[in-house]
Amino acid sequence: MKAEYANPFIRAASEVFAHETHLQMTRKGLELRKTPLPSRPVCIILGITGPIRGQVVYALDEDFAHTVARRMLPGKLPAEVKRLTNSAISEIANMITGKASIELAGEDKTIELTPPAVFTGERFHMDFLNIPTLSLSLISEAGSLEINIALTEGSS
Amino acid sequence: MRLKTALIIDDAAVMRMRLRDILEPHFDVVGEAEDGEQALSLYEACRPDFVTLDITMPKVDGITFLQNLLKSHPDAKVIIVSAVGQKQTVFKALTLGARDFVVKPFDPERVKTAANRLFSKA
Ligand SMILES: [Mg+2]
């Protein structure tokens with residue numbers, strides 16, 4: 001696992017959060033783990049294929065997930081925001097991964113993303129890759145986000 | 001004057017709602033699809049004047065949908081709205097026949113401009 005994978009995700013997350021939620025995200029920590037298994041109850045899993053491949057697992061608390069959705073949907077009723085919370089955080093994860101992967105692979109390579117999958121609560125003993133993972137934690141005034149980057153270089 | 005009609009294709013409900021809010025005062029959003037398979041039958045059913053098309057979607061992705069659509073409707077007007085904004089992907093979509101490519105996250109004005117441009121006579 002290359003430590004330089006972290007910076008594109010930090011930049012992408014800051015930009016996407018600023019644009020979509022007006023929250024300022026700053027880096028709080030970075031550590032190496034054995035798998036991308038998340039340590040927060042709401043997680044979003046995305047696969048990447050191409051010159052860089054693997055999994056990126058985003059994780060956050062339920063309250064923060066609602067806050068993100070509320071901020072992405074100004075003027076919508078609380079019930080609607082609640083219904084769209086999973087969709088909102090999936091799309092945030094999709095945008096961050098899209099932006100970061102351009103930087104990682106270079107403009108002239110093609111990377112494909114799988115549609116994000118959201119899981120909450122107990123359903124965590126599932127298919128996480130067993131590859132060394134960079135675990136990033138980012139913090140804002142409204143909550144924090146964990147990004148577990150389990151990527152390797154390889155031909156597709 | 002009749003409003004031009006739009007079909008919104010994106011797997012994220014939050015994005016479909018946002019695109020609808022941006023387009024609706026100026027265009028008539030006649031349908032929403034959440035994957036490329038649903039989109040094709042909806043396109044046939046409502047024959048919109050244009051579509052906004054996401055790329056990363058389950059079942060049938062946006063690029064495959066674009067290829068299929070343009071085979072049967074070579075004049076279909078498609079604006080891609082996607083988080084996968086690499087040069088290669090943009091180039092491929094435009095070469096296939098998409099009219100514009102908006103990268104997420106986007107500003108509402110960018111989407112509105114792209115849609116208006118489809119129908120300007122300049
Ligand atoms: Mg999508």
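Figures for the structure shown
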| item | result |
| --- | --- |
| Residue list for segment B:73-115, restricted to those being under 15 Å from B:Met15 (Cβ atoms), open to solvent by 10 Å² or more (accessible area, probe 1.4 Å) and in a strand (DSSP E or B) | B:Val103 |
| Which listed residue is within 30 Å of A:Arg70 (Cα to Cα), out of contact with any helix residue (DSSP H, G or I) (no Cβ under 6 Å at 6 or more places or on another chain) and more than 15 Å from the ligand (Cβ to nearest atom), from B:Arg16, B:Arg20, B:Arg2, B:Arg47 | B:Arg20 |
| Criterion violated by A:Leu46 - all others in (1) away from chain B (no Cβ under 11 Å); (2) in a strand (DSSP E or B); (3) at pLDDT 95 or above satisfied | (1) |
| Test for B:Val84: is it modelled with pLDDT under 95 and within 13 Å of the ligand (Cβ to nearest atom) | yes |
| Checklist (1) facing chain B (nearest Cβ under 9 Å); (2) outside any loop (DSSP other than H, G, I, E, B); (3) at pLDDT below 95; (4) over 13 Å from the mean Cα position of the chain (by Cα) applied to A:Glu107, failing item | (2) |
| Checking A:Ser137 against (1) modelled with pLDDT of 95 or more; (2) over 27 Å from B:Lys59 (Cβ atoms); (3) within 16 Å of the chain's Cα centre (by Cα); (4) open to solvent by 70 Å² or more (accessible area, probe 1.4 Å), the condition it does not meet | (4) |
| Residue check for B:Leu42: over 17 Å from B:Lys112 (Cβ atoms), more than 12 Å from the ligand (Cβ to nearest atom) and open to solvent by less than 10 Å² (accessible area, probe 1.4 Å) | no |
| Unmet criterion (only one of (1) within 14 Å of another protein chain (Cβ to nearest Cβ); (2) within 14 Å of the ligand (Cβ to nearest atom)) for B:Leu53 | (1) |
| Residue among A:Ala59, A:Ala93, A:Ala117, A:Ala79 that is small (Gly, Ala, Ser), touching a strand residue (DSSP E or B) at 6+ places or on another chain (Cβ under 9 Å) and more than 10 Å from chain B (Cβ to nearest Cβ) | A:Ala59 |
| Selected residue (only one of A:Thr97, A:Thr67, A:Thr114, A:Thr120 is open to solvent by less than 80 Å² (accessible area, probe 1.4 Å), under 14 Å from A:Glu146 (Cα atoms), out of contact with any His (no Cβ under 6 Å at 6 or more places or on another chain) and polar (S, T, N, Q)) | A:Thr97 |
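The values are calculated or read from the model by the stated rules, or taken from the named source; none is laboratory data. Source: prediction; values computed, not measured. No Cβ is skipped: glycine too gets one built from the backbone with ideal geometry, and neighbour counts run over all protein chains shown. The accessibility values were calculated without ligands, DNA or RNA, using every heavy atom of the protein model including side chains. Shrake-Rupley method; radii C 1.70, N 1.55, O 1.52, S 1.80 Å.
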